[in-house]
Amino acid sequence: MRRFLIHSIAILVLTLLTQIGGLAYLVALRLRRAWLAAPVLYVLFSLACTQIAPSFGRVPLPCLPGGALQMQSMVYCAMNRHYVVPELAETLDAHADAVARRYPGADAFRARLAEPRPACRQGSVGTAPQGAVRPGRGQDPVPGMPCRAA
């Protein structure tokens, strides 16, 4: 029972962190040397994601440096956290190109896309106004949340 619980927690944590890590670990448990097979399976599943993601409406953002838009950390790519909808990829590329044109030599880094910031009202500086909402999280106010210029 204890061993089952430990493996279940490992699968849950790996799934939460990497989405496919739990699957790789679960498949590796069926093999003799799970500790060796799990990383190999994870790499194979990650490579398969590049082919499967478009069928779910996702495209990968560039992981390697070279364009105007770069990853802040390679960890995002290693954990398969760089897939977005095509519209967002186009928007990010357009904004990164605009930043590169306006500020030559500057790099636009992609960090977290999970929590967009609400726009500030005129006159408020640095924090979200009372009653601002986080998109996708209902109507809960988030005063003090950093905001973007409107």
Within segment 1-106, which helices (runs of 4 or more DSSP H) (wholly inside it) include 1 or more residues that are in contact with a strand residue (DSSP E or B) (Cβ under 8 Å, 6 or more places away or on another chain)? 34-52, 75-78, 86-102
Cβ-Cβ under 9 Å pairs, at least 6 apart or on other chains, segment 7-18 side closer than 11 Å to L29 by Cα, far side open to solvent by 60 Å² or more (accessible area, probe 1.4 Å) and assigned to a helix (DSSP H, G or I): H7/L26; I11/L23; I11/L26
Those residues of segment 52-89 which are more than 14 Å from the chain's Cα centre (by Cα) and either among the hydroxyl-bearing types (S, T, Y) or surrounded by 17 or more Cβ atoms within 10 Å (Cβ to Cβ) (or both) amount to S55, A68, L69
Scanning segment 1-60 residue by residue, those under 19 Å from A78 (Cα atoms), at pLDDT 90 or above and aromatic (F, W, Y) turn out to be Y25, Y42, F45
Residue ID - farthest from H82 (Cα to Cα), chosen from residues in segment 1-44 that are open to solvent by 60 Å² or more (accessible area, probe 1.4 Å) and aromatic (F, W, Y): F4
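The values are calculated or read from the model by the stated rules, or taken from the named source; none is laboratory data. The shown structure was predicted, so the numbers you read here are calculated from the model rather than taken from an experiment. Every residue, glycine as well, gets a Cβ built from its backbone with ideal geometry; the counts of neighbours run over all protein chains shown. Ligands, DNA and RNA are stripped out before the accessible areas are found, and what is left, the full protein with its side chains, is counted by its heavy atoms. Shrake-Rupley method; radii C 1.70, N 1.55, O 1.52, S 1.80 Å.
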